[in-house]
1. Go through the residues of the stretch 85-94 one by one and say whether even a single one is buried (at least 18 other Cβ atoms within 10 Å of the Cβ), more than 16 Å from I17 (Cα to Cα) and aliphatic (A, V, I, L, M).
2. Checking P217 against (1) touching a Gly at 6+ places or on another chain (Cβ under 8 Å); (2) surrounded by fewer than 21 Cβ atoms within 10 Å (Cβ to Cβ): exactly one of these is not met. Which one?
3. Enumerate the pairs (first residue in the stretch 3-14 and at pLDDT below 95 and assigned to a strand (DSSP E or B); second residue anywhere and crowded, with 21+ Cβ neighbours inside 10 Å and among the polar types (S, T, N, Q)) with beta-carbon separation below 7 Å, excluding pairs fewer than 6 apart on the same chain, so at least 6 apart or on different chains.
4. I need every pair where a residue in the stretch 169-182 that is of a type outside the set (V, I, T) and at pLDDT 95 or above has its Cβ under 9 Å from the Cβ of a residue that is buried (at least 24 other Cβ atoms within 10 Å of the Cβ) and assigned to a loop (DSSP other than H, G, I, E, B), sequence separation at least 6 or different chains.
5. Across the stretch 15-49, what is the number of residues that are assigned to a loop (DSSP other than H, G, I, E, B), more than 23 Å from R213 (Cα to Cα) and either without any contact (Cβ under 8 Å) to a residue 60 or more places away in the chain or not hydroxyl-bearing (S, T, Y) (or both)?
6. Condition first: buried (at least 19 other Cβ atoms within 10 Å of the Cβ), among the hydrophobic types (A, V, I, L, M, F, W, C) and outside any loop (DSSP other than H, G, I, E, B). Now tell me which residues in the stretch 166-199 satisfy that.
7. Among the numbered criteria (1) touching a residue at least 60 places away in the same chain (Cβ under 8 Å); (2) more than 26 Å from M244 (Cα to Cα); (3) of a type in the set (S, T, Y), which one does S131 miss?
8. What are the residues in the stretch 235-260 that are aliphatic (A, V, I, L, M) and surrounded by fewer than 16 Cβ atoms within 10 Å (Cβ to Cβ), if any?
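The values are calculated or read from the model by the stated rules, or taken from the named source; none is laboratory data. Quick caveat, the model's predicted, so the values are computed rather than measured. Here Cβ is always computed from backbone atoms with ideal geometry, including for glycine, and neighbour counts include all displayed protein chains.
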Amino acid sequence: MKTSGNTILITGGGSGIGRALARRFHDRGDRVIVAGRRREALEETAAGRDGIAVMTLDVGQSGAVDRFARALLAEHPEVNVLINNAGIMPLEKVGSKRDLKDVERVVETNLLGPIRLIDALVDHLAGRPDSAIVNVTSGLAYVPLIAAPTYSATKAAIHSYTVALRQALKERVEVIELVPPGVQTGLTPGQEQRPGYMPLDEFADEVMSLFGRQPTPGEILVERVKFQRDAEAEGRFDRTLIEMNQRAEAARAAQPEPVG
């Protein structure tokens with residue numbers, strides 16, 4: 001992936017990792033289009049930055065993706081990088097029967113959303129020089145969070161999809177997986193200040209240093225996520241599953257419930 005001069009679409013660009021990366025890519029000389037459901041949040045990401053454009057998109061709505069792709073290419077035909085970052089993570093209690101509406105939304109947003117957007121843009125990207133697709137997965141793709149099993153499963157699925165896509169698009173489109181650990185963002189209530197999670201700026205800085213390498217790694221792995229990524233290969237999956245989930249549960253229990 002080029003280290004500057006790209007035109008990059010980032011979904012979920014109105015907050016958290018998407019916002020942080022949008023600003024850093026812009027700082028290094030890329031043009032950026034941030035997409036998401038809340039225009040006000042997107043405009044906050046782009047405030048004071050002429051090189052960041054804003055477009056609304058709900059990746060969980062199938063018909064909206066194709067309409068968005070047509071509008072995107074009409075307004076920004078030079079786009080050469082797609083970063084699939086949008087995602088939702090409701091906590092779940094799976095020990096008894098429940099309403100699965102939230103679960104279905106997670107699958108629509110985290111799994112079908114990226115697949116649909118890739119499908120809508122792949123022909124265009126394959127015809128562009130220096131094109132790339134970056135799929136944001138999670139350390140939970142490798143060691144799941146018991147309180148968020150569907151989120152973890154969608155990220156494991158996107159990891160697998162990315163591996164296959166990399167081979168399918170070899171020498172046509174570069175395919176990269178970005179694997180965050182637990183980061184202090186608004187992904188779950190109270191997570192912005194949760195102890196033990198990686199500070200957002202620290203995460204974004206390390207990620208950008210990895211994107212600066214040539215050739216770009218096929219997997220963007222900050223040091224903090226490697227204990228999850230390598231757990232099975234290093235023969236400590238069961239221990240890591242127990243220890244990670246115990247720490248996560250303790251951190252949530254020690255934090256007051258957010259108000260409102």
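1. no
2. Tallying (1) touching a Gly at 6+ places or on another chain (Cβ under 8 Å); (2) surrounded by fewer than 21 Cβ atoms within 10 Å (Cβ to Cβ), P217 fails exactly one: (1).
3. Sorted first by the residue in the stretch 3-14, then by its partner, the list stays empty.
4. Pairs that qualify, where the first residue is of a type outside the set (V, I, T) and at pLDDT 95 or above and the partner is buried (at least 24 other Cβ atoms within 10 Å of the Cβ) and assigned to a loop (DSSP other than H, G, I, E, B), are E177/T137; L178/N85; L178/T137; P180/T137; P180/S138; P181/S138; G182/S138.
5. The first filter runs over the stretch 15-49 and keeps only residues assigned to a loop (DSSP other than H, G, I, E, B), leaving 15, 28-30, 37-38, 47-49.
Keeping just the survivors that are more than 23 Å from R213 (Cα to Cα) gives 15, 37-38, 47-49.
When the remaining residues are screened for being either without any contact (Cβ under 8 Å) to a residue 60 or more places away in the chain or not hydroxyl-bearing (S, T, Y) (or both), the result is 37-38, 47-49.
Final tally of qualifying residues: 5.
6. Those that are buried (at least 19 other Cβ atoms within 10 Å of the Cβ), among the hydrophobic types (A, V, I, L, M, F, W, C) and outside any loop (DSSP other than H, G, I, E, B): V175, I176, L178, V179, V183, M198.
7. Of everything listed in (1) touching a residue at least 60 places away in the same chain (Cβ under 8 Å); (2) more than 26 Å from M244 (Cα to Cα); (3) of a type in the set (S, T, Y), S131 misses just condition (1).
8. Here is the first cut: in the stretch 235-260, the residues aliphatic (A, V, I, L, M) are 241-242, 244, 248, 250-251, 253-254, 259.
Selection gives I242, A250, A253, A254, V259.
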